[in-house]
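A quick write-up on the structure given underneath.
The values are calculated or read from the model by the stated rules, or taken from the named source; none is laboratory data. Everything numeric here is computed off the predicted structure, so don't read it as measured data. Note that each Cβ is placed from the backbone with ideal geometry, even for glycine, and that neighbours are counted across all protein chains shown. Heavy atoms of the whole protein, side chains included, go into the accessibility calculation; ligands, DNA and RNA do not. Shrake-Rupley method; radii C 1.70, N 1.55, O 1.52, S 1.80 Å.
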Amino acid sequence: MSKEILRAEGLRKVFPGVVALDGVDLRLRTGEVHVLLGENGAGKSTLIKILSGAYHPDGGRVLMDGGPVALRTAGDAQRLGIATIYQEFNLVPQLTVAENLSLGRPPRRLGLVDPKRMEERAIRLLGQVGVDVHPRTPVARLGIARMQMVEIAKALGLDARVLIMDEPTAVLTTSEVERLFTIVRRLRHAGVAIVFITHHLEEIAEIGDRVTVLRDGRSVAEVPANTPQDELIGLMVGRPIDQQYPRRPSARGEPLLRVSKLTRGGAFDDVSFEVRAGEVVGVAGLVGAGRTEVARAVFGADHYDSGEVRVRGGRLPPGDVHAAMAAGLGLVPEDRKGQGLVLGASIGENLGLVIMREATRAGFVDRSRVRKAAAEVAGRLGIRMTGLDQEVRTLSGGNQQKVVIGKWLVADAGVLILDEPTRGIDVGAKVEIYQLINALTESGHAVLMISSDLPEVLGMSDRILVMARGRLVGELPAAGATQDDVMALAVTEVEGPRAR
Amino acid sequence: MPADTLPRHFRSPIGAWFAENGALAALVVLVVALSLLSSDFLSVTNLLNVGVQAAVTAILAFGATFVIVTGGIDLSVGSVAALSAITLAWTATAAGVPWPVATLVSLAVGVACGLVNAGLIAYGKLPPFIATLAMLGIARGLALVISQGSPIPMPEQVAHLGDTVGYLPIPVIVMVIMGVIAAVILNRTYPGRAMYAIGGNAEAARLSGINVNRQQLVTYALSGGFAAVAGIVLASRLASAQPQAAAGYELDAIAAVVIGGASLSGGKGRALGTFVGALILAVLRNGLNLLSVSAFWQQVVIGVVIALAVLVDTLRRRGTN
Amino acid sequence: MPADTLPRHFRSPIGAWFAENGALAALVVLVVALSLLSSDFLSVTNLLNVGVQAAVTAILAFGATFVIVTGGIDLSVGSVAALSAITLAWTATAAGVPWPVATLVSLAVGVACGLVNAGLIAYGKLPPFIATLAMLGIARGLALVISQGSPIPMPEQVAHLGDTVGYLPIPVIVMVIMGVIAAVILNRTYPGRAMYAIGGNAEAARLSGINVNRQQLVTYALSGGFAAVAGIVLASRLASAQPQAAAGYELDAIAAVVIGGASLSGGKGRALGTFVGALILAVLRNGLNLLSVSAFWQQVVIGVVIALAVLVDTLRRRGTN
Amino acid sequence: GTSGGGGSSGDIKIGMSVSTLNNPYFVQLRDGAQAEAAKLGATLTVTDAQNDASQQVNQVQNFTSQNMKAIVINPVDSDAAAPAVKAAERVKIPVIAADRGVNGVEVAQTVASDNVAGGRLAAQELAEQLGEKGNVVVLQGTPGTSASRDRGQGFAEGIAAYANVKIVARQPADFDRAKGLDVMTNLIQSHPDVTGVFAENDEMALGAIKALGGRAGQQVKVIGFDGTPDGLKAVQAGTMAATIAQQPRLLGRQAVDAAVKAAKGETIKKTVAVPVKVATKENASEFQMS
Ligand SMILES: Nc1ncnc2c1ncn2[C@@H]1O[C@H](COP(=O)(O)OP(=O)(O)OP(=O)(O)O)[C@@H](O)[C@H]1O
Ligand SMILES: Nc1ncnc2c1ncn2[C@@H]1O[C@H](COP(=O)(O)OP(=O)(O)OP(=O)(O)O)[C@@H](O)[C@H]1O
Ligand SMILES: O[C@@H]1[C@H](O)[C@H](O)CO[C@H]1O
Ligand SMILES: [Mg+2]
Ligand SMILES: [Mg+2]
């Protein structure tokens, strides 16, 4: 059996109002993939932030190779051979991919940074993760999936003995997940110890060796990765979940959203579809297929060159979010931190944002009305918080996502566009969100759901649209469709506005 | 939810108030220190003087708070104050317009300057620093052009704004009214709430249906309007509108807002904090005069105390967290 | 990798250079306009004058670029320049220290001011605006205290920095050297790259093992050091160190950096852009003098042109994207 | 460029750099200069150095690029103006110093009122009005400016002759009316027994008078400096005890007159002293004419 490389004992971490970790143990061996499993807010990210030197524990200790170590800064951890991919992106958007890959340790010659070697290093690392971006592209221009691949490449560049990945697959599509797993297997083989966090339970058996389950800040079990899913779920949420994708199709009604010939040069071309009342339409595609672009254009967040968008028959003016909202559209964006949330504001304020205008009389906001609506939705979604006044910044990733979705429940949007709605959400909460989608369609709402999680698209949609290179390349009824059917369409070689 | 999971400062409203207005601690320390050092400091008259001396900066700073909450900056407030005052005095004197009309024109000029700032920022995509720096020069230049560089007497009826009602100096009353207006706008109105959202994350605000451009117009217009009021108060105290009035006050105004707990990166700031910030600056200057600190050392002392005041606040905050 | 997936500006280096230095377009327009309007403008002597007149602002602005790239701000540069110059003149004159030593002491004073700023920011967690505003007062006050309010003659050897070598004015040479140093630091050194990382995403920088506090020390120390150089050049031009020298220059320096394409929220900015920004300001003032624009209108015109210059840039950028 | 020499002054270009136009005093100086230029038919270009010595050097440099035939400089600082003057004289452009001298170089003419002497006059006048005893407060100009320095020095020297007149406080109000008001208000708190005020310019004096309210001109004598229109009005009204009038218009006239002569190559006197005079209620009306 491989030897233990890292051990955490009795870790404790208290934030104002929250005990995030309350006695957590973790034993990590060389050459293993150790999965951390737990609900949103269970303390997984907090634990790994302690291991990476980003947080200081209030109790307990960390040992490496049998001896206690002081992890005062991220630099300390890196020097000890611990590399971390955080749940939230830690890239510098203004800098190029190459710069980001060498962040904090640029190659130097005669004391000066050597851009040539930096670029060479970047090309090598990008090659390892198999992502085709130019090293001189500013990170701000990358889609979220490519950013994640760059993060992975950055961590690989550290040649670490311990590699920690906090939900790396949350934003990846199947093919990239495959690529990542190939890399992980290679590293495991080379004796690297890997901590892996995921909410995709099927990934555990596929890539993991052992699983440590966290619940409410405590480590409650350490089990082999081939433990049946039901059992894992039980350990994690303390109750069984009968059905992971509980879609209950509703009666179809009028078309609520009708998009015709929507085109923007370089992004998407001639996209037409409709979504009816009571329907969930899934949109699948490879990363960069242009789904997000279409969604944003439909919602008025971006302009388009031609085509039109109609909601309940009325044509929306392009590029006008307010008009779209007034017509009953809502958008849950894929980038919750950048576009979905005011991180420094409270949960209540974030939830209230979209109904603020409605709740305004003679310029004054009826704050108790906004607050009541927010409280109701926060309760419905089971957001794990100290209260509505907690800053969203301090919520766990999954709970932040619930706040983004919650906004549009507060607004009671008739047509909801969800861009990667369950990214980073735990199984239990996912089911809650699915139930919510059911409830929405049952009450005559329409849902357009972009998702890179194929089982989710298959399990929760009534129809599936597939995009490739900025074009709609096919439509499948969800019933009977398989992952392979969708993938076959997604990789269609079409003449699209976006080259790959 | 069990009480012991609540963050400490949610428990008592007074504690919360104090925790969120850290500058207050600094102000209290300053007041205590000055009372000990100078026997003249803690008299009603002197404290009212401090209030009067804080008024112009405070009113400018209330306006600047709106802008800073949105993550912007307004360097033009001092110049706009001067331009507005000159406009009032000139239209009432040289152009012979009745004073109430002149006052409205003056306020309109302030608002117009703000709207130009906002137009450049929202539609021209200029950085606020540049747009308002340009306005700093333009408004000052126009004030000089209109006045030909010389002070213009204020119409008498307006100049009463510099007087007292009973014991209460009117500038102090105006300051308090403007402060309350600022607080109400920030806390209770749609534009106010939108300012926080925009300053916190402009893109998220836009995707939540807030018309960011329009709200910026409101924000800078308010700043310009508040600057006009400040300019009128200042000129009333002197009974004369000076083209050079309030030069450099923008730094004081911004400092008051930041000392009051706002962040220049936006999303944070309160009228009450700004008020305390303005008081700290005024108390400091008043105290140094009372203590007869030499001219050369005054600037040093002011610098040190400003740094200490904010340091007290950040250290205290670190202590409780 | 196919060339067509490359962002457009990677294709031609000249295009890239122009695209990233949008202020250049504004400068070119300004120069062409002034050449047409004034026959005196486009002479070698006058252009060298412009260079000399830009030098102090440019050197201050190079220093400010470091700070602004990290997302900070340094309001103290003008005062620190004055303090450094006064220190040099005083140690050389009153204290009788040999001039090379005095010069080193003066540079050390600039760096020390920067370190104090950084200490307050990094360890005291003061907002840069407040820390450097405090230093603005402190350094100016100390300059007054040391000089007793009177100008001190510069040692002759140092004052040669204000002369010319052949046709080339030394201030221009110093400006170019400082610009090259700034560009190399920003582009090619560890601290320079760290500045961009910190300004772009301080948390990411920290988690990538960059010692953010230490790099802030380096950043503000550089700004202080550059301010000292600017102060010495300024005093050399006047052959006299003035306690009130460079008052208000901080706004010009920051404006030059922002006109040059940097963002006050950090992560962006280049030495070349800053240079162009400083030239725009100098060309503008020079041109208005040559055109005999009346003094009161000059401030208006400068404001308008600054806004236009940056507007040209943002509109051009919007056009190409 | 323009053709040089000639008997007519029609094509004579003169540049004038004023230390600051943010003060009515210098606005008057400029007005006098412009009036004289118009009378003589010369072209006068006025720039504002905004109290920044180096900007003033820039402006003088720019005048040389423009081939000005003569330059009038109203120095921001007497020491710091020297290099600019040298540069102009190197290309043979005569320089006239107005209001303040230039130290360390010879200029074609210095037309100045003496600030140190003015300070002494202020001390005398105040002492006399106070009956040679009392407590005096000094409102200082912007620290580090030569005007503040010289006037403060002259006043201190002058007041030393009166043993019973005590300076109880010296505080800066930066030549600004609003600051004069605030600082005086504060000083009344700590020095309620003050009977005299010397303000280093009229603007601050007017602020101080506001602060003193009814006591100004009665229990407290305020002396200003400059003789600006507002200042003289206050003197006539009796709220300001006196102002040291500098006759800025006359200064400006004289300077341009000398500049035109110098440009034509005529010889001119090295110094013209424009007297500073004490303007009191009795004689104030004379100054407003100038
Ligand atoms: N900086 C902070 N301040 C206050 N509370 C915090 C902070 N960071 C985390 N928390 C709280 O600590 C708890 C654990 O959060 P953590 O991010 O570790 O959860 P997680 O297991 O990673 O969840 P997820 O699966 O949603 O990412 C949560 O209740 C969260 O709100
Ligand atoms: N192949 C590409 N060509 C040009 N731009 C691309 C390409 N792929 C991604 N992008 C850029 O990345 C951003 C979004 O990236 P992302 O990978 O999320 O793609 P997307 O269009 O949202 O596709 P999807 O939502 O289907 O994954 C867009 O702003 C787009 O400009
Ligand atoms: O000489 C002038 C005037 O007296 C003015 O009032 C202030 O600035 C000084 O330099
Ligand atoms: Mg997490
Ligand atoms: Mg997407």
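Summing both sides, the accessible surface hidden between B and A at a 1.4 Å probe radius is close to 2300 Å². Average accessible surface for chain D: 33 Å² per residue, computed with a 1.4 Å probe over protein heavy atoms with every protein chain in place.
The mean number of Cβ atoms from other chains found within 10 Å of a Cβ in peptide D:41-53 is 4, as a whole number.
Backbone phi angles across region A:353-368, fed through the Karplus curve with coefficients 6.51, -1.76 and 1.60 (θ = phi - 60°), yield HN-Hα couplings of 3, 7, 10, 4, 5, 4, 7, 9, 10, 6, x, 9, 7, 7, 6, 6 Hz in residue order; Gly and Pro are listed as x.
Taking amide H atoms as placed 1.01 Å from N in the peptide plane, the amide H of A:G23 lies under 5 Å from those of A:L11, A:R12, A:K13, each 5 or more residues away in sequence or on another chain. Across peptide B:187-198, the mean count of Cβ atoms from other chains lying within 10 Å of each residue's own Cβ comes to 5. With all pairs of different C-alpha atoms in the average, the Kirkwood value for the hydrodynamic radius of region C:41-320 is 18.9 Å. Ranked by the mean number of other Cβ atoms within 10 Å per residue, highest first, peptides B:264-270, A:49-55 order as A:49-55, B:264-270. Build a GNM of chain C with springs between Cα atoms under 10 Å: which of C:G179, C:G114, C:G224 gets the top mean-square fluctuation? Maximum fluctuation in the GNM of chain C, among the listed residues, is at C:G179. Computed from backbone phi, the HN-Hα couplings of region A:271-276 come to 8, 10, 6, 9, 10, 9 Hz, rounded to whole numbers (Karplus: 6.51 cos²θ - 1.76 cosθ + 1.60, θ = phi - 60°; Gly and Pro given as x).
The convex hull around the C-alpha trace of region A:211-314, projected and averaged over every direction, spans 10.4 square nanometres. Charge tally around A:R185: other residues with Cβ under 14 Å, Lys/Arg +1 each, Asp/Glu -1 each, net -2. Charged neighbours of C:V80, selected by a Cβ distance under 15 Å, balance to -2 (K, R count +1; D, E count -1). Rolling a 1.4 Å probe over the protein heavy atoms leaves A:D335 with an accessible area of roughly 50 Å². Quote the total accessible area buried by chains B and C together, excluding ligands, DNA and RNA, probe 1.4 Å, nearest 100 Å². Between B and C, the summed buried area is about 3400 Å². Could you please state, rounded to a whole Å, how far the C-alpha centre of region D:70-146 is from the C-alpha centre of region A:113-165? One Cα centre to the other: 66 Å. Placing unit charges on each Cβ (+1 for Lys and Arg, -1 for Asp and Glu) gives region B:218-321 a dipole about its Cα centre, and among B:N289, B:G303, B:S236 the Cα reaching farthest toward its positive end belongs to B:G303. Taking a Cβ cut-off of under 13 Å around A:F196, the surrounding Lys, Arg, Asp and Glu residues balance to a net charge of -2, with basic ones at +1 and acidic ones at -1.
Close amide H pairs (under 5 Å, H built 1.01 Å from N) link A:V220 with A:V213, A:L214, A:R215, residues at least 5 positions away or on another chain.
Legend: residue pairs A:K49/A:K337; D:K221/D:K277; A:K13/A:K372, Cα-Cα distance threshold 24 Å; pairs beyond threshold, A:K13/A:K372. DSSP finds beta bridges in region D:164-290, and of those with both partners inside it, around 25 percent are antiparallel. Relative to the dominant Cα principal axis of chain A, helix A:427-442 is inclined by about 0°.
With a/c under 1.5 counting as rounded, go ahead and sort region A:4-239 into rounded, prolate or oblate using the C-alpha gyration tensor (a ≥ b ≥ c being the square roots of the eigenvalues; past the cut-off, prolate if a/b is larger than b/c, else oblate). Prolate, because a/c is 1.5 or more and a/b exceeds b/c. Of the whole protein surface, C:C113 contributes about 10 Å² of accessible area at a 1.4 Å probe radius. Accessible surface area normalised per residue over chain A is 37 Å², counting heavy atoms of protein chains with a 1.4 Å rolling probe.
Amide H contacts of C:S240: C:M154, each under 5 Å away and 5 or more positions distant or on a separate chain (H built 1.01 Å from N in the peptide plane; Pro and chain starts excluded).
Surface analysis of region C:41-320 yields an accessible area of 30 Å² per residue, using protein heavy atoms and a 1.4 Å probe.
Rg and Dmax of region B:162-262, based on Cα coordinates, read 16.4, 52 Å. If you fit an axis through the alpha-carbon atoms of helix A:174-189 and take the longest principal axis of the Cα set of chain A, what angle between them do you get, 0 to 90°, nearest 10? Between the helix axis and the principal axis of chain A, the angle is about 10 degrees.
Annotation for region D:17-93: trypsin sites (Lys or Arg not before Pro) lying in DSSP loop with at most 12 further Cβ atoms inside 10 Å of their Cβ are D:K92.
In region C:280-295, burial by the other protein chains removes 50 Å² or more of 1.4 Å probe accessible surface, compared with the chain on its own, from C:N289, C:A295. Considering only C:I210, C:I259, C:I232, the Gaussian network model of chain C with Cα springs below 10 Å gives its largest mean-square fluctuation to C:I210. Taking the DSSP beta bridges with both ends in chain A, the antiparallel portion is around 55 percent. Couplings for region A:107-116, taken from phi via the Karplus curve 6.51 cos²θ - 1.76 cosθ + 1.60 with θ = phi - 60°, read x, 10, 9, 6, x, 9, 4, 10, x, 5 Hz in order; Gly and Pro are left as x. Ligands, DNA and RNA left out, the accessible area of chain A computed with a 1.4 Å probe is 50% carbon and sulfur. A straight line joining the Cα centroids of region C:189-245 and region D:178-252 runs 45 Å.
Taking every residue in A:440-449 and counting other chain Cβ atoms within 10 Å of its Cβ, the average works out to 0.
Using only the C-alpha atoms, the convex hull of chain D corresponds to 108 Å³ per residue. You can think of it this way: the chain between A:N226 and A:E9 has 75.6 nm of extra reach, that is 0.36 nm per residue less the Cα-Cα gap.
In the protein assembly as shown, helices alone account for a calculated mean residue ellipticity at 222 nm of -17000 deg cm²/dmol, with every DSSP H run of four or more residues adding -39,500 (n - 2.57).
Using a Gaussian network for chain B with springs between C-alpha atoms less than 10 Å apart, which of these wobbles most: B:G72, B:G51, B:G209? Per the Cα network of chain B with a 10 Å cutoff, B:G209 tops the list.
For the chain pair D and B, buried accessible area totals roughly 2200 Å², probe 1.4 Å, rounded to the nearest 100.
According to the square roots a ≥ b ≥ c of the eigenvalues of the Cα gyration tensor, what is the shape class of chain A, taking rounded for a/c under 1.5, prolate for a/b larger than b/c otherwise, and oblate for the remainder? In terms of gyration-tensor shape, prolate. Cα centroid separation, region C:107-162 to region A:166-188: 54 Å.
Charged side chains reduced to their Cβ positions (Lys and Arg at +1, Asp and Glu at -1) give the protein assembly as shown a dipole of some 620 debye around its Cα centre.
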